[in-house]
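Read the figures in this text as sums done on the coordinates, not as results from a lab. Owing to the predicted nature of the structure, the values given are computational and were not obtained by experimental measurement. Cβ: placed from backbone, ideal geometry, glycine included. Neighbour counts: every protein chain shown.
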Amino acid sequence: MECISIFDMLKIGIGPSSSHTLGPWRAAERWINHLKKENNFEGITAIKVNLYGSLSLTGRGHATDLAVILGLAGQDPEYISVTEIQPLVDNVKNLHKIKFGNRYFIDFNSSTSIIFNREFLPFHANAIKFTAFKNNIEISNDTYYSIGGGFVVREELIHAKENREIHKTFPYPIQKAKELENYCKETKLKISEIVLENERSLRTDTGIDIEIKRIWDTMLECMYIGCHTEGTLPGGLNVRRRAFDMHKKLKGELEYNSPKEWLNTIRKTEVKFREILKWVSCFALSVNEVNASLGRVVTAPTNGSAGVIPAVLMYYMVLENHEASFTDIKQFLLVAGEIGSIFKKGATISAAMGGCQAEIGVSSAMAAGALTELLGGTPEQVLMASEIAMEHHLGMTCDPIGGLVQVPCIERNAMGAIKAINAAELALESNYLNAKVPLDMVISSMWETAKDMNNKYKETSEGGLAVGVNLSDC
């Protein structure tokens, strides 16, 4: 059974896409490590990178070529300064050289060394092939698949343990939601407590808290940056940032100097009933505007859906419980991460495989379940909330205009957050014994829907809004 940590579902990385940016970046990193393991890293004189399928069709809009360059240059998406990204990429493009693995320079023309192919490879819609040469002799040819949420698998090891994110066995191994529910019944523990026991098999309590705090700090900083950055998003669609204007109207005369001061100040204000949805939407928009501009976000479970979970968690902290602490944040993220992993195991979190239901739908389900536990819901109500949220995202297509993670992606995060809150409230007012659709059934239905969905609606920009909007009018 595949054991997935919440820290694999909630990864820190650079936008705009976990599968098209973070995945290829990590694939380049893994390929370099493989070359070193095979003693083939030193002395390489040329590299070719082939992108296939969805990774190619929307690769330019998703900054896949930039991610490949940064990965080959040995940069880390978790820690690279955002301000260093464009200068580093521009330097490679202008000099036609790259510092391979951050060790030595080789010739690299990004226009000819990165090749965009419309062909789809069999295993997954997002494929990337790296080829290395020493004096015109091919010495390495490796294919990797970016399967969503920053997860990457190597073709030769698709079924091997090396491609699994976690190698240990959890005390409570979970493949389906029903198994999680049964553990809670047997132990009388909350879902968050079951998940915490699993995480303790990988890290100390201190290590878990450090990582969760780092994730939350990244989310909070991302919202802060998004709410305080004015202007137009890059990419050519001329999409104006809206979080700045919304936040300016909502905050009024509030004063603060840092993300934490900002949070504490907002929590002390009296929010009018009609402003609640505006605040939630503002939080969600802010994250995905940062994501769309190659900012640092947390996959939740993907970059394209990164705004839903922080927006719903902020809703709880700002509007439901002004006394909420790190304990609440930890509880929320433990539940959200586990629900996301169940979707990954039973279906997909890749829009290239399942459409936007696999991204916004899953993130909404994660947030709904997590919020329900914080509001006092039972494990059964938590799973019901997740089911309700996904049920109302089934069949959602992925048709980004211009191949950019902007329209309709950014607004969908706001809608996903609102649906998550609504789903939590419905579940809390419901008797789970009367539920007609269990979470496992909706996950199965989502996967069947994904398989039946036409490829042009699965992150290829070949159907729907992507072809219905005239880019010359933007």
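Per q in 0.09, 0.15 1/Å, what log10 I(q)/I(0) does a Debye calculation on the alpha-carbon atoms of the stretch 207-342 return? One equal scatterer on each Cα of the stretch 207-342 leads to -0.25, -0.71. Annotation: average projected area of the stretch 206-253 is 4.8 square nanometres, based on the convex hull of Cα atoms across all directions. Proximity of backbone amide H atoms, modeled 1.01 Å from N, is registered between Lys11 and Thr299 at under 5 Å, excluding neighbours fewer than 5 places apart on the same chain. When the listed pairs Lys330/Lys456; Lys278/Lys451; Lys11/Lys93; Lys248/Lys419; Lys37/Lys451 are checked against a 31 Å cut-off, the alpha-carbon distance exceeds it for Lys330/Lys456; Lys278/Lys451; Lys37/Lys451. With the simple model of a label 7 Å out from the Cα in the direction of the Cβ, Thr229 to Glu38 spans 3.8 nm.
So, counting K/R as plus one and D/E as minus one, what does the shell of residues with Cβ under 11 Å around Thr131 add up to?
On the way: positive: Lys48, Lys129; negative: Glu138, Asp142.
Summing Lys/Arg as +1 and Asp/Glu as -1 gives 0.
Identify the residues of the stretch 124-141 with backbone N under 16 Å of a label point that sits 7 angstrom from the Cα of Ile115 along the Cα-to-Cβ direction, or state none. Residues 127-134, 136-141 qualify, since their backbone N sits under 16 Å from the label point. With a Förster radius of 30 Å applied to the C-beta separation of Glu197 and Asn238, the computed FRET efficiency comes to 0.05.
Given N residues in the stretch 334-474, what is Rg(Cα) / (2.2 N^0.38 Å)?
On the way: Rg = 15.5 Å, N = 141, 2.2 N^0.38 = 14.4 Å.
Cα Rg divided by the expected 2.2 N^0.38 Å: 1.07.
The residues packed around Pro259, meaning those with a beta-carbon under 15 Å from its beta-carbon, carry a net charge of +2 if Lys and Arg are +1 and Asp and Glu are -1. A Cα-only calculation for the stretch 43-174 places Rg and Dmax at 16.1, 53 Å.
What stretch of the chain, leaving out the sites themselves, is the longest with no chymotrypsin sites (Phe, Trp or Tyr not before Pro) in a DSSP loop having at most 15 other Cβ atoms within 10 Å?
Working: sites that count: Tyr79, Phe123, Tyr256.
The longest such stretch corresponds to 257-474.
For Phe123 and Glu323, the difference between the fully extended length at 0.36 nm per residue and the C-alpha to C-alpha distance is 67.2 nm. Taking Cβ atoms as reference points and 12 Å as the exclusive limit, the residues near Gly355 contribute a net charge of 0, counting Lys and Arg as +1 and Asp and Glu as -1.
The distance between label points at Asp217 and Glu2 comes to 3.1 nm (points 7 Å beyond Cα on the Cα→Cβ vector).
Here the chain is treated as a sphere whose radius is the Kirkwood value from Cα pairs; by Stokes-Einstein at 20 °C and 1.002 mPa s it diffuses with a coefficient of 95 µm²/s.
The convex hull drawn around the Cα atoms of the stretch 27-69, when projected onto a plane and averaged over every direction, covers 3.4 nm². Residue exposure proxy: Glu193, Glu119, ordered by other Cβ atoms within 10 angstrom of their Cβ from fewest to most, comes out as Glu119, Glu193.
For Lys36, the lysines whose Cα falls under 24 Å of its own Cα, not counting residues fewer than eight places away in the same chain, are Lys48, Lys97, Lys99, Lys129, Lys134, Lys161.
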